[in-house]
């Protein structure tokens, strides 16, 4: 597996992985990915499978964004802007295609985000869990803070009624 920063050339592969991992209501348009990537090219990563010494297609990705407390981008938001003073690294979208499931790709991406947060002086990671993924995130140290978080994001409702706001130390 090759872990590297995401580039605009990766967006077709990212969209393909997204389509295979999420229900249609969660499919974000390329413009939403492009906006986030243009604002945060240093906190978005992909994993490719190496094939005969050459890189292969995108098989997994993580779009993470430095955010201010409680100011998370809404689902499908295409005009997101990086805040001047971030307090947390928000894991907006992590997806692992079928070829890499069970390979540790998700753990590698989460660890990369944690390292990236610490390098930027951000003490926490945050995310919105969807599609019944709370147990997965709990295995990676995240806790449900939806009901009690003072920084509960207003955008949480855009992810649907089952969305869960979760955080952990970086």
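Since every read-out is calculated from the coordinates, none of them should be taken as a lab result. None of the values given here were measured: they were computed from a predicted structure. Quick reminder, even Gly has a Cβ in these numbers, built from the backbone with ideal geometry, and neighbours come from all protein chains shown.
Tabulated data for the structure shown
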| item | result |
| --- | --- |
| The chain - percent relative contact order, Cα under 8 Å, separation 6 or more | 21 |
| Sum of -39500 (n - 2.57) over DSSP H runs of 4+, divided by residues of the chain (222 nm, nearest 500) | -7500 deg cm²/dmol |
| Cα-Cα pairs of the range 2-169 separated by more than 29 Å (percent) | 11 |
| Helix 11-21 vs. the chain, principal-axis angle (Cα, 0 to 90°, nearest 10) | 70 |
| Efficiency of FRET between residue 31 and residue 133 - r from beta-carbon atoms, R0 22 angstrom, step 0.05 | 0.35 |
| Acute angle (nearest 10 degrees) that the helix 105-119 long axis makes with the longest principal axis of the chain, alpha-carbon atoms | 60 |
| By average C-beta atoms within 10 angstrom, highest first, the peptides 130-139, 94-103 | 94-103, 130-139 |
| Degrees, to the nearest 10: 30-39 long Cα axis against longest axis of the chain | 80 |
